[in-house]
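Taking it in order: structure first as structure tokens, then the write-up.
Here, each number is a calculation from the coordinates, and none is a lab measurement. Note that the structure is a prediction, hence the values are computed from the model and not measured. Every residue, glycine among them, receives a Cβ derived from its backbone with ideal geometry; neighbour counts consider all protein chains shown.
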Amino acid sequence: MSTSEQAVSPLLGAPPLTREDAVRSFDRSRVHHARRHDRRWRLLWLLVGPGILAMLGENDGPSMIAYASDGAQYGLGFFVPFIPVLFAMAFVCQEMSMRIGAVTHRGYGELVLQRYGKLWGWFGAIDLTLTNVITLVAEFVAIRVGLAYFHLGAGVAVLLGLTLVLFTVSGGRYWRWERIVLGLAVFNGLFLAAAILVKPDVGAVVGSLDFSPFPGGSFNTLLLLLASTIGATVTPWMIFFQQSASADKGMTPSDLRHGRYDTAVGAVLAAIFGIGALIAGATLLSHGGAGIEGFAGAGFPGALAHVSGGATGAVFALGLIEAGAVAILTISASIAYAAGECVGASHSFNNSPRNAGVFYAVNVGVALLAAMVILIPGAPLLSIALNANVLATVLLPVSLVLMLMLANDRGLMGAYANKRSTNVIAVVIVAFVGLCGAAYGIDSFLQTIHVIGS
Amino acid sequence: MRPAELDHGPGEAQVADEHGIQADDELIMHLEPDQFVAATAEPVPRAPLGPRAKAVLWSLRIFVVLVSVMVVYTFVDRLH
């Protein structure tokens, strides 16, 4: 820490104050004020953020296309109840992530590095960066697909994505960044609007709650379908992001209840909007799936417009732009947190770019890198978008197991470590999600080398 | 000390002044002791690992080596 950014407190024995401390303390003063005066809604407003952003950030371009694709290929059956189950599992994982951040005030990357050694810390950061850059490319592709519906090209997609990143990081405050991204994330509800516009059969939606009909197809296809959907609901970047963001926001153990509300609201909204994309996509099932061949979303808005009207196509296209944009902001932030934590540099939106150069440079740099890829003529964007989740396969089980170890580390968590009942549920979910992710990666490999058929 | 003195730009000072958060003691009382940058900059000690935790970490290492090869091969192949 440079001497220019800190000043010694006049209070005896108090730690030196930095700009980051001052800004965070100011935010905390508002929380304390709301709590002291029993202003419940105000308190909730102040403390929500990381959970909703992690959940709605995961409702990204490729995920929403995947839900719509499931609907178009298999209909509503099975997936309508399955999506909420997935987000319930995501809630359990993300609650742990939030709790570790609020109790330790440290990010996931630095805790793993310091507690379990440099090997795991650096592995996590490098793997996260690699997979997230690929995912960021997929997000720019999603924006491009959405803009293409309005006859706008890749250049506009790049300009929009990068402008958003620069605008959100420019304030030097976590609160400002969070509120802008939350404001954008609200528009994930466009997928619900698209579902309403296609005028779904409410009876069919309700009737699908019994998990039937189960999707048809070969066992291998089913495994890939389930594993990829499960593996894409809890992702490594979400764990890195929510823990670091909770710490950056200044959350403490006294905020855990509201942190759980935040995560639960995020999970419920993400499930509703995901089902919205599924219902919109399912409209194409009854029309023979016309115009959506190849997917990757390229033909989705157009196909919806053809079947259900121009308004539906436009809303779905706008939803894709929003989903890609929010994911670019949250995912690049998670990489920036991980990078700062691993090199021991300042990693907070509450610090200025001058004092947290690595954090801000990585945040903007990874977005710039991903943006440049979609401008490369002939780049295999379709393959990148479709296979981004394959790369996350390696990190997912590792991230989940290390997070579980941190949540059980009484030396760090004290009385806030996982209870036995929480542990039973968490271990089952982490094992299930981790195994599905691993199965997806292994199955994909066996298909690639033609040991098993697709 | 006021937040304005810690700040390198005018924006934060304005926000802080609007809400009357100025003095050091006020600043300090809103943060937990282990929440200060000075405290979080101190690394936490290495975790004492029991046999079960070591076994878990070794299993993860083997998993990473095996699956990394498969996943990277798959990803590169699918790009074509």
Quiz item: Which is farthest toward the positive dipole end of the protein assembly as shown among B:45, A:428, A:17, measuring Cα position about the Cα centre, with Cβ charges +1 (Lys, Arg) and -1 (Asp, Glu)?
Solution: A:428
Quiz prompt | For the stretch A:198-207, Karplus couplings with θ = phi - 60° (6.51, -1.76, 1.60), whole Hz, Gly/Pro x | solution = 7, 6, x, 6, 4, x, 5, 5, 5, x
Quiz item: Between residue A:17 and residues 5 or more places away or on another chain, which pairs have amide H atoms under 5 Å apart, with H built 1.01 Å from N, and which residues are they?
Solution: A:7, A:9
Quiz prompt | residue B:72-residue A:428 pseudo-label distance in nm [points 7 Å out on the Cα-to-Cβ vector] | solution = 3.8 nm
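Calculate the FRET efficiency for residue B:62 and residue A:311 from the Cβ-Cβ distance with a Förster distance of 56 Å, rounded to the nearest 0.05. Spell out each step's value before the answer.
Numbers: r = 53 Å, r/R0 = 0.95.
Calculated transfer efficiency: 0.60.
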Quiz item: Among A:107, A:361, A:124, whose Cα lies farthest out toward the positive end of the dipole of chain A, if unit charges sit on the beta carbon of Lys, Arg (+1) and Asp, Glu (-1)?
Solution: A:107
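Rounded to the nearest 20 debye, what is the charge dipole size of chain A about its Cα centre when +1 sits on each Lys and Arg Cβ and -1 on each Asp and Glu Cβ? Walk me through the intermediate numbers first.
Details: 25 positive and 23 negative charges, 287 e Å.
Around 1380 debye, computed over chain A.
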Quiz prompt | Candidate lysines - alpha carbon under 21 Å from residue A:118, same-chain residues fewer than 8 apart omitted | solution = B:54
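Mind checking the full-extension length gain between residue A:33 and residue A:416? Use 0.36 nm per residue of separation minus the Cα-Cα distance, one decimal, nm.
Details: separation 383, 0.36 × 383 = 137.88 nm, distance 2.46 nm.
Here the segment from residue A:33 to residue A:416 would lengthen by 135.4 nm.
Where Lys and Arg each count +1 and Asp and Glu each count -1, what net charge lies around residue A:319 among other residues with Cβ under 15 Å from its Cβ?
-3
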Self-check item: Alpha-carbon centroid distance for the pair the stretch A:177-200 / the stretch A:325-345, whole angstrom
Solution: 24 Å
Exercise. With the Cα gyration tensor of chain A in hand, give its eigenvalues times 5 under a square root as the equivalent ellipsoid semi-axes, listed largest first in whole angstrom.
Key: 36, 24, 22
Quiz prompt | Length released on extending from residue A:204 to residue A:361, taking residue separation times 0.36 nm less the Cα-Cα span | solution = 51.6 nm
Exercise. Determine, for A:123, B:63, A:273, A:211, the number of other Cβ atoms within 10 Å of each Cβ, and report the residues in order from fewest to most.
Key: A:211, B:63, A:123, A:273
Practice problem: Counting other beta carbons within 10 Å of each Cβ, put B:71, A:202, A:358 in order, fewest first. | Solution: A:202, A:358, B:71
Quiz item: By how many nm would the segment from residue A:85 to residue A:285 grow when fully extended, if each residue of separation counts as 0.36 nm and the alpha-carbon distance is taken off?
Solution: 69.7 nm
Self-check item: Inter-label distance, nm, simple model (7 Å from Cα along the C-beta direction), residue A:260/residue A:372
Solution: 4.6 nm
Quiz prompt | chain A: DSSP helices with Cα axial extent of at least 15 Å and average Kyte-Doolittle hydropathy no lower than 0.0 | solution = A:79-104, A:118-149, A:154-169, A:174-185, A:219-231, A:256-282, A:310-343, A:357-375, A:381-407, A:420-448
Quiz item: residue A:408's amide H: which non-local residues (gap 5+, or another chain) put their own amide H closer than 5 Å, with H modeled 1.01 Å from N in plane and none for Pro or chain starts?
Solution: A:418
